[in-house]
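Report on the following structure.
Rule-based calculations on the coordinates, nothing more; no lab input. Just so we're clear, the structure is a prediction, and the values are computed from it rather than from any experiment. Please note: Cβ atoms are built from the backbone with ideal geometry, for glycine as well, and neighbour counts cover all protein chains shown.
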Amino acid sequence: MFVGQYEHAVDEKGRVVLPAPFRAFVAERGYITQLDGCLGLWNAEEFRNVAEKWKAESAASRISMRVFRKLMNSVREVKLDSTGRITLPRELLDELGFQSQVVISGLYDRVEIWPAETYAEDLGSDEAADELAEAVARLGL
């Protein structure tokens, strides 16, 4: 399970250190793709579940074959190097406007990698604070 939040730098080659608690879960390879404003990273087992859901949605015509194809074609395999870094695909970094700082966030079954400014704007918004307060009340926390 992925939890926690970490700030890291991305070097000029698109490499970022994966936080130690996430390295063992990703093991030797992971799968990364674009989500809503961030990159999603899964280990092989969890990504297989995600891909099977996408395939089932396509088979049931809830998403088109074109969308299924786009989803699968946007996925890249990443591997940890000897220093615990992964290389983020340049085309995804450029498309999402990544600069030098990122936030790496655990989100239960995946890791999200956000441009630091986008993450701060999203979670620091009044709307996010209101949603959190409402969720905490609803969940009885």
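Of all the listed residues (Val75, Val3, Val102, Val10), the sole one being under 22 Å from Tyr119 (Cα atoms), in contact with a His (Cβ under 9 Å, 6 or more places away or on another chain) and among the aliphatic types (A, V, I, L, M) is Val102. Any chance the range 55-63 includes a residue that's within 23 Å of Ala27 (Cβ to Cβ) and outside any strand (DSSP E or B)? No, the conditions are met nowhere in the range 55-63. For the range 74-106, taking the residues that are among the small types (Gly, Ala, Ser) and crowded, with 18+ Cβ neighbours inside 10 Å, the one that is farthest from Leu39 (Cα to Cα) is identified as Gly106. Of all residues in the range 107-140, which are loosely packed, with under 11 Cβ neighbours inside 10 Å and outside any helix (DSSP H, G or I)? Passing the criteria: Tyr108, Gly124, Gly140. Looking across the range 79-106, just one residue is within 15 Å of Arg23 (Cβ to Cβ), in contact (Cβ under 8 Å) with a residue 40 or more places away in the chain, part of a loop (DSSP other than H, G, I, E, B) and among the small types (Gly, Ala, Ser), and that is Gly84.
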